[in-house]
Amino acid sequence: MVAKTEAAQAEPADFQMEQWPFYWLTQFTGSYLRRIELGLKGIKLDVPRWRVLMTLRGREVLSVSEIAVHAIVKLPTMTKIIQRMQADGLVISQQSAADGRVTEVVLTDAGREAGERAWAVANRIYRRAFEGVTKEEVEALNALMRRMSANLAD
């Protein structure tokens with residue numbers, strides 16, 4: 001049994017929206033997505049393509065299913081995104097030699113270049129968001145978010 005902490009025990013009578021961590025997570029996510037959408041528009045990309053490019057960044061190959069999990073997108077939706085990106089010349093999808101049921105995705109040279117442009121946009125936003133935040137605070141935030149995500153995992 002998981003021990004409950006005082007922070008985890010919000011009572012309805014005591015509820016104050018600004019004290020609810022999910023409120024701030026949602027506010028942050030909304031602000032971040034608005035900024036990333038605007039930045040990506042300037043380089044003729046969108047958030048779904050950006051998620052694929054960032055997921056494949058530094059990786060040789062991933063399956064469509066793996067990309068969908070990392071990008072938090074349903075598999076049928078990710079399949080359509082990959083098809084559009086293949087038509088745009090950003091990725092190549094191919095049947096896995098090891099398992100014919102698996103579709104693997106790799107970046108093309110154009111995809112790697114688009115990924116570098118997208119990374120520059122994302123990095124500018126990252127620097128702005130974490131201005132005045134220490135490396136240790138970022139590490140603590142990552143650890144906390146990892147733990148909370150594990151708590152909610154199926």
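The values are calculated or read from the model by the stated rules, or taken from the named source; none is laboratory data. The model shown is predicted, which means the values in this text are computed figures rather than measured ones. Heads up, the Cβs are rebuilt from the backbone with ideal geometry, glycines too, and the neighbour counts pull from every protein chain shown.
Just a few scattered comments:
- Of the criteria (1) at pLDDT 95 or above; (2) farther than 22 Å from Arg146 by Cα; (3) loosely packed, with under 15 Cβ neighbours inside 10 Å, which one Asp99 fails: (1)
- Checking each residue in segment 88-114 for being at negative phi and small (Gly, Ala, Ser) picks out Ser93, Ser96, Ala97, Ala98, Gly100, Ala110, Gly111, Ala114.
- With respect to being without any contact (Cβ under 8 Å) to a residue 60 or more places away in the chain and in contact with a helix residue (DSSP H, G or I) (Cβ under 8 Å, 6 or more places away or on another chain), Leu38 falls outside the description.
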